[in-house]
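Comments concern the structure below.
The values are calculated or read from the model by the stated rules, or taken from the named source; none is laboratory data. All values derive from a computational prediction rather than experimental measurement. Glycine also receives a Cβ, built like all others from the backbone with ideal geometry; neighbour counts cover every protein chain displayed. Protein only, heavy atoms only, side chains kept; ligands, DNA and RNA dropped before computing areas. Shrake-Rupley method; radii C 1.70, N 1.55, O 1.52, S 1.80 Å.
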Amino acid sequence: MSNYQTNQEQHSCLPLAGRSFDGDLFQGDDAESRQCLAAILATAQVGILVIDAESHVIVEANPKAVEVIGVTRDEILGSVCHRFICVSQIGQCPITDLGQCIDCGERQLITARGDYVTVVKTVAQITIKGRPHLVESFLDISDRKRTEEALRESEERCRDILDNANDLIQSVDVNGSFIYVNRAWKSTLGYSDQEIASMKVFDIITPACRDHCGLLFQQIMKGVVVPRVEVQFLARDGRTVVLEGSINCSFVDGTPSVTRGIFRDMTERNRMERELSQSEERYRQLVEHAPEAIVVHSQGKFLYVNNEAVRLFGAESRDQLLGTPIVNVIHPDYRDMVRGRMRELETPNTVVPTMEMKVMRLDGGVIDVESVGTSISLNGEPAIQVVVRDTTQRKLLEAEREQWQKKLELKVEEKTRHLKEAQAKLIQSEKMVTLGEVVSGASHELNNPLAGILSAIQLLRSSALNQPILPELMDGIDVLESIESAAIRCQSIVEDLIRFSTQTRCNFAQMDLNELLRDSLEVMAEEFVRAQIRVEWRIDPELPAIEGDFVKLLEVFTNILQNSKNALPDQGLVEVSTRHLKKYGETQQVIVSIRDTGCGIPSPNLSKIFDPFFTTKPVGKGPGLGLTVSYGIIKRHGGDIDVRSTVGKGTEVVVTLPVRQPEKQGSAPA
């Protein structure tokens, strides 16, 4: 309640004893006084009622009372005050029945409509014409009450807003004592109400900020407006809380009375700004030192290039690229394509797929690259970021890899062929061993009957020659000679079989392989001349001497040359070559190649040429044991024999022999 209101209420409680109203009830000698009193009551802004104390009947009411009650004066006069203007029941009158004294007390008044009006009431007891009466004066304060309630609600709303604000709000007097702090202030800094009541504002300011804040406080007290201030407060737990806000001062009669400050906790925001700054710095370093070229362009001109882009385009500095048209570095063959991609990237948040292209360096060089573009925003304007990767080295590596892959495929094919050949040779070797065992037994079994047949033929011939010569006898002798010729031929075959199958000894000795080949050619010289076969001689003069059986190897190469002669038409060619094969960690070898330009061997027959009795010659032109025996001799030398042939182009026989025989094989049977 304000002082004015209190004075007003006290003024309305003036005692009325010894006074009377104008009318029949008021009779006196002082007419002027009565007239004055009547005027006062008529114009008073408080309601006044006169009530008979015994009957509680209202005997007088002034205009303000009539106005508040809401009916005419005639309706009020003569009415009982209980449950009309007074809330008390009959027999419960506060004055007459309960003996209370009402002096400026707040009471409820009932209007004619039954409404309750809050009033400030004063009741005085007086005697009129010998009867006790009550004089009630009341002031309608319902409007004031409504105003006070609205003010209270407004204050509650303001306090609720202040207390629930996220910002820190404080009010400080001119001495620096806290008048008010909101909930966020206390929650952030951690001080209790008791601690705040005993603290000064400078108690919570960090030492580093006190001098600055002291000067600022003096300026604010002088009326200087400070729209923004940064300050550091000390929390109860010792933390430093960084705040940003504003402070102003209210003045009364030109004198500062209180300062108000609103602050926002910047600790988290500052932390986030530091992290953002660090993140931006990391990103900048990442982009600057990225191993791939990164450029940003807008409206067809370079806005940014990183270090790798400067190197990629052959510039000495960024200034040579920044602001220049991007098409200057695009190869003419790709410029239309690049312009199309730039049109696609005009749409925000667009990424175009990777594209391979060529770019021009400032020195005129052309390099292969692949690029991917993204639409971005730079300084609020649309731009395009492009990541460019130099693929020149990669393409060279890919080309080299393709070459190596082709070489590898050829190597695999060659190794596969060698494995197949080795497998065929292994099968052939096993077959030869098996055949050797069979042939060995069969040869011995055939040799004895053949010897008996030849002995019997000789006896028969001797017996026939001792008899007279008759025509019939001559016919018998011719038959014996035919039988003898066939038996001798069978015996020769058996001897070849025995040589193939038996473990005959090889007489290894130092020998000149080139000389042996010359001897073999001399053996075949007459036949080669007769068939007009030319011989090309490509021997290695530095070929080392080998350990071998001269006679057996002469037989092998003579047999091979004989086969070449048989396969050649007239005027054919035979090429004889030798070379020394040295591989690190392996036994030294010599290679003999005898190649002809004959008819060649069909592929189905190539795997059978070392089989015993296999021949393509007419019957009676050879038993088919030449290559079989040669195969066995080469194997007993620890070597290998390989035949390569193409029908219509010729045949090549390659013989591989070790330079040195193992120690244990020097004189052992092969």
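Quick look at the numbers
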| read-out | value |
| --- | --- |
| Failed item, numbered, when VAL71 is tested on (1) touching a strand residue (DSSP E or B) at 6+ places or on another chain (Cβ under 8 Å); (2) in a loop (DSSP other than H, G, I, E, B); (3) β-branched (Val, Ile, Thr) | (1) |
| All positions within region 459-475 that are part of a helix (DSSP H, G or I), modelled with pLDDT under 70 and either touching a Gly at 6+ places or on another chain (Cβ under 7 Å) or not aliphatic (A, V, I, L, M) (or both) | ALA464, PRO471, GLU472, ASP475 |
| Any hit, region 216-227, residues being outside any strand (DSSP E or B), open to solvent by less than 100 Å² (accessible area, probe 1.4 Å) and of a type in the set (Phe, Trp, Tyr) | yes |
| Residue among ARG394, ARG361, ARG417, ARG389 that alone is open to solvent by 50 Å² or more (accessible area, probe 1.4 Å) and touching a Phe, Trp or Tyr at 6+ places or on another chain (Cβ under 8 Å) | ARG361 |
| Subset of region 255-268 that is loosely packed, with under 14 Cβ neighbours inside 10 Å and modelled with pLDDT of 85 or more - its residue that is nearest to ARG183 (Cα to Cα) | SER257 |
| Residue in region 591-628 that is nearest to VAL576 (Cα to Cα), counting only those that are at pLDDT 80 or above and hydrophobic (A, V, I, L, M, F, W, C) | ILE594 |
| Scope region 209-252; condition small (Gly, Ala, Ser), under 22 Å from GLU268 (Cβ atoms) and in contact with a strand residue (DSSP E or B) (Cβ under 7 Å, 6 or more places away or on another chain); matching residues | ALA235, GLY245, SER246 |
| Matching residues in region 301-332 - criterion: being part of a loop (DSSP other than H, G, I, E, B), farther than 16 Å from GLU370 by Cα, open to solvent by 20 Å² or more (accessible area, probe 1.4 Å) and out of contact with any Asp or Glu (no Cβ under 9 Å at 6 or more places or on another chain) | GLU316, SER317, LEU322, GLY323, THR324 |
| Close pairs (8 angstrom Cβ cut-off, 6 or more residues apart or separate chains): in contact (Cβ under 8 Å) with a residue 24 or more places away in the chain and surrounded by 10 or more Cβ atoms within 10 Å (Cβ to Cβ) in region 191-213, among the hydrophobic types (A, V, I, L, M, F, W, C) and assigned to a loop (DSSP other than H, G, I, E, B) anywhere | TYR191/MET199; TYR191/ILE204 |
| LEU561 vs. criteria open to solvent by less than 40 Å² (accessible area, probe 1.4 Å) and not in a strand (DSSP E or B) | yes |
| Residues within region 579-595 that are closer than 22 Å to VAL629 by Cα and either open to solvent by less than 30 Å² (accessible area, probe 1.4 Å) or among the polar types (S, T, N, Q) (or both), tallied | 6 |
| Unmet requirement for VAL296, which otherwise passes all of (1) open to solvent by 30 Å² or more (accessible area, probe 1.4 Å); (2) modelled with pLDDT of 85 or more; (3) β-branched (Val, Ile, Thr) | (1) |
| Flag if THR434 is surrounded by fewer than 11 Cβ atoms within 10 Å (Cβ to Cβ), assigned to a helix (DSSP H, G or I) and modelled with pLDDT under 65 | yes |
| Residue that is nearest to the chain's Cα centre (by Cα) [pool: residues in region 44-68 that are outside any helix (DSSP H, G or I) and among the acidic types (Asp, Glu)] | GLU60 |
| Count - residues of region 129-145 that are without any contact (Cβ under 8 Å) to a residue 40 or more places away in the chain and among the charged types (D, E, K, R) | 2 |
